[in-house]
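Inspection log for the structure reproduced underneath, given as structure tokens.
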Amino acid sequence: MGYREVYEGWQADPERFWMEAAGGVDWVKAPTRALNDSKAPLYEWFTDAQVNTCWNAVDRHVEAGRGAQLAIIHESPVTHLKKGITYKELQSRVASLAGALRAKGVEKGDRVIIYMPMVPEALEAMLACARLGAIHSVVFGGFAANELAVRIDDCTPKAIIAASCGIEPNRIVHYKPLLDAAIDMASHKPSFCVILQREQEVAKLIEGRDVAWHTFQYGVAPAECVPVSGDHPAYILYTSGTTGAPKGVVRPTAGHLVALNWTMRAIYDCDPGDVFWAASDVGWVVGHSYICYAPLIAGCTTIVFEGKPVGTPDAGTFWRIIAENKVKSFFTAPTALRAIKRDDPEGALVQDYNLKRLKALYLAGERADPDTILWAQRHVGVPVIDHWWQTETGWAIAANPMGIEALPVKIGSPSVAMPGFDVQVLDEGGHPVAPGQLGAIAIKLPLPPGTLPTLWNAEERFKKSYLSHFPGFYETGDAGFVDEDGYLYIMARTDDVINVAGHRLSTGAMEEVLSGHKDVAECAVIGVSDELKGQSPVGFLCLNKGSARASADVVKECVQLMREKIGPVADFKRAVVVDRLPKTRSGKILRATMVKIADNVEWKMPATIDDPAILDEIKVALQTLGYAKG
Ligand code: COA
Ligand code: AMP
């Protein structure tokens, strides 16, 4: 069956489609129905099932005779180490960790925050929570203590599992002091913290609160898998919205299992035993779905990579890892390829390695620019598959389903809608637009299994953010168009979210931080085009009337403040002091026009602008930062 037949088969009978897909999961109690629409427009899947995620990702493969197969390969160029963990070893490590967590009171439904770098123990911590039915929330290491504190207060974890440190090429990331500071800041206090001591930096443990990863497992009984109902939250993953408060995306257990298992064959063309590598971080959705869960659910070997695409030690690292580990499907962000292309424009390092086992290279997280795709096609010599998804969906909305049918690649498009997603491009009034016409991209409800049923502790916010603008649809926040062949093109966000090196960031959250500086009266943050990172944040600061502070000092302090409040991942390094911000007559800051001026693209004077002369001042300010040179 080709893509068209599969998609039309889903359209004709979604219930049958998903019940068939559910056959790939090992149930404690099999579902009798797929969709539960009793609370529409809120939907759940497989609610009458009982199941355990860890069983499906680990134990069932041991039972099926895959115990000796590597489940995880840790490739860590930053520590010069490489090691493997078999499914059998993973089972016993995860059961022991889960047993120790249980002995300290962690039970089904309790939340556990995981704050760890790219080490296999991060996956083990996620799986140990899944084994107990505890709900994990992984926080990316590049966030500051303040961001961690916000998440602690929102999901009120019973425990936090962290490492003593992470390793960036230029420095050690001191996880433990960040964790301590976050717990100090938060109103909610976890009962205990588990610390994985790494030899690069051993942390001081706080007596009575902190326990060491190995020591606390001593003598405990390993835990068995605890069955949970299909709609039980597997995890919460926070992502950026338009305000400073992150959104806690909830991932339901059964839909997650069914959908991810389906994607490994249909999209990534992988079978049990194949080696799959997603070079992302466990702190992002790509890391949840395609470093940890999907490859393990499918019985593949997954690679945990602790390094960078360049500089650890060079731009050949990706190709070495693919060749040495016989990777079949590889997934990365366009930014990473741009970094490699910049260091190795002729692809000389690619030629050093035998990549014949690699079948396809998948890209997501941001728009894939044609130059990068063409470079990869030419040098890596495999199909380069752009696909589009979001933290909220957990798997691809649009892709080229290589395991069903390799559709012709159209550069600039993440190809076609996957079964489960009825994607429509709408005008402001919610009416579908003609092919080729730009509009807001929305998905007809219900969303398929594995996607978010709601936001943690914030059902009203969920409805308001996603369901209210276009009744009957989920609003993706992306704008784009569909061509005559049904290929999607994702062009921009419709909100204040920007995408820096494949990381989703909120300019609204950054503005909240800048407003907190005592000399800043008003501010704006925009995302300007960046050759390497796709977008890069730039701040505009209006100082308090009569402020005698030197602009350069305030800018420096604001850059530091952003690092302290949001973290290095915000990559906020450029800001400029201006007298005034351009606004509409009703007082709305004209951020989109500022972006166009910065990027040297054609722009029209907004009809509603209050004072057009301010845009000239903005242009001059941008020029001092090296933008708006055209
Ligand atoms: N823990 C702590 N700090 C981190 C971190 C982590 N896990 N990851 C990044 N940071 C820090 C970096 O050290 C850097 O800090 P600095 O300002 O002190 O230098 C800052 O956050 C920005 O990091 P990064 O975005 O990695 O930029 P870079 O300039 O160091 O590297 C690239 C550029 C292109 C190599 C890098 O951005 C990259 O690998 N991108 C791919 C990202 C990716 O795979 N995203 C997928 C999401 S699906
Ligand atoms: P995140 O939730 O961090 O995965 O970010 C999701 C957002 O990243 C999407 O809403 C898009 O704006 C953008 N994005 C992800 N994948 C793609 C892609 N293949 N093409 C264009 N934009 C993408």
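Values in this text are rule-based calculations from the coordinates and carry no lab data. Being a predicted model, the structure only gives us computed values, none of them experimental. Cβ coordinates were reconstructed from backbone atoms using ideal geometry, including for glycine residues, and neighbour counts include every protein chain displayed.
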Per residue, how big is the convex hull around the C-alpha atoms of the range 300-449? Give it to me in cubic angstrom, could you? 136 Å³
Take the alpha-carbon centre of the range 21-43, take the same for the range 391-467, and report the distance between them in whole Å. 21 Å
Given contacts defined as C-alpha pairs under 8 Å and at least six residues apart, what's the relative contact order of the range 1-64, whole-number percent? 26 percent
Using a simple spin-label model with points 7 Å from Cα along the Cα→Cβ vector, what separation in nm is obtained for Asp427 and Lys464? 2.9 nm
Between Tyr474, Phe305, Thr79, whose Cα lies farthest towards the positive end of the dipole of the chain when Lys and Arg beta carbons carry +1 and Asp and Glu beta carbons carry -1, centred on the Cα centre? Thr79
Local electrostatic count, Ala323, Cβ distance below 14 Å [Lys/Arg +1, Asp/Glu -1]: +4
Volume in Å³ per residue [convex hull over Cα atoms, computed for the range 102-173]: 79 Å³
Normalised by the residues of the range 467-528, what does the relative contact order come to in percent, with Cα pairs under 8 Å and at least six apart? 18 percent
Determine which lysines satisfy two conditions relative to Lys204: a Cα distance under 16 Å, and not lying fewer than 8 residues away in the same chain. Lys176
Excluding Gly248 itself, what net charge comes from residues whose Cβ is under 12 Å from its Cβ, given Lys and Arg +1 and Asp and Glu -1? +1
So which of Lys82/Lys308; Lys326/Lys359; Lys341/Lys596 end up more than 20 Å apart, counting from Cα to Cα? Lys341/Lys596
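Per residue, how much space in cubic angstrom lies within the convex hull of the C-alpha atoms of the range 439-583?
Normalising the Cα hull of the range 439-583 by residue number yields 165 Å³.
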Any idea what log10 I(q)/I(0) is at q = 0.08, 0.09, 0.12 Å⁻¹ for the chain, Debye with uniform C-alpha scatterers and no solvent? -0.57, -0.73, -1.35
Can you give the charge dipole size of the range 367-442 about its Cα centre, rounded to the nearest 20 debye, using +1 on the beta carbon of Lys and Arg and -1 on the beta carbon of Asp and Glu? 280 debye
Please compute the length gained on full extension between Ala434 and Ala592, using 0.36 nm multiplied by the number of residues separating them and subtracting their Cα-Cα distance. 54.4 nm
Length gained, Ala103-Asp610, 0.36 nm per residue minus C-alpha separation, equals 176.1 nm
List the longest stretch of the chain that has no exposed loop site; here a site is one of the GluC sites (Glu not before Pro) assigned by DSSP to anything other than H, G, I, E or B, with at most 16 other Cβ within 10 Å. 225-345
Just how far, in whole angstrom, is the range 121-195 from the range 497-525 if you go by their alpha carbon centroids? 24 Å
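If a/c stays under 1.5 just call it rounded; otherwise compare a/b with b/c (prolate if a/b is bigger, oblate if not). Do that for the range 369-441, with a ≥ b ≥ c from the square roots of the Cα gyration tensor eigenvalues.
prolate
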Net charge around Ile490, counting only other residues with Cβ within less than 10 Å of its Cβ (Lys, Arg = +1; Asp, Glu = -1)? -1
Which whole-number percent gives the relative contact order of the range 251-350, counting Cα pairs below 8 Å spaced six or more residues apart? 28 percent
Might you report the magnitude of the Cβ-based charge dipole of the chain about its Cα centre, with Lys and Arg at +1 and Asp and Glu at -1, to the nearest 20 debye? 940 debye
Here D for the range 521-630, in µm²/s, from Stokes-Einstein with a Kirkwood Rh over Cα pairs at 20 °C and 1.002 mPa s, works out to 147 µm²/s
